[in-house]
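Notes to accompany the following structure.
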Amino acid sequence: MRRSEFRRAVDDEFGARGGALLDDLVIPGIGDRTATDALDAGIPPREVWLALCVEMDVPEARRHGVGRLEPRR
């Protein structure tokens, strides 16, 4: 997952509150950091996305393959 795909996935899943979640929500699964801090620290976007999904109880069906302009075949 690229950072642009991460951002698209956040926007699609969380809408207008996505930006606030990235900057304000401290996520235990990525070292008690915000998603923004984790990305800035070099944690891969896919790892941050999955930790965010766990923290926000996103169903597993909506966690994989999101953020891409066109899904892989």
* Structure fact -> In region 33-54, residues that are surrounded by 17 or more Cβ atoms within 10 Å (Cβ to Cβ), of a type outside the set (A, V, I, L, M) and within 11 Å of the chain's Cα centre (by Cα) total 4
* Structure fact -> Residue hits (region 1-32; in a helix (DSSP H, G or I) and either in contact with a Phe, Trp or Tyr (Cβ under 6 Å, 6 or more places away or on another chain) or open to solvent by less than 30 Å² (accessible area, probe 1.4 Å) (or both)) are Phe6, Ala9, Val10, Phe14, Gly18, Gly19, Leu21, Leu22, Ile30
* **Odd one out for Val58 among (1) more than 10 Å from the chain's Cα centre (by Cα); (2) in a helix (DSSP H, G or I); (3) modelled with pLDDT under 95; (4) buried (at least 17 other Cβ atoms within 10 Å of the Cβ)** => (2)
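The values are calculated or read from the model by the stated rules, or taken from the named source; none is laboratory data. Just so it is clear, the model here is predicted, and its values are computed rather than measured. Backbone-built Cβ (ideal geometry, glycine too); neighbour counts: all protein chains shown. The protein model used for the area step is the full one, side chains on, heavy atoms only, and it has no ligands, DNA or RNA in it. Shrake-Rupley method; radii C 1.70, N 1.55, O 1.52, S 1.80 Å.
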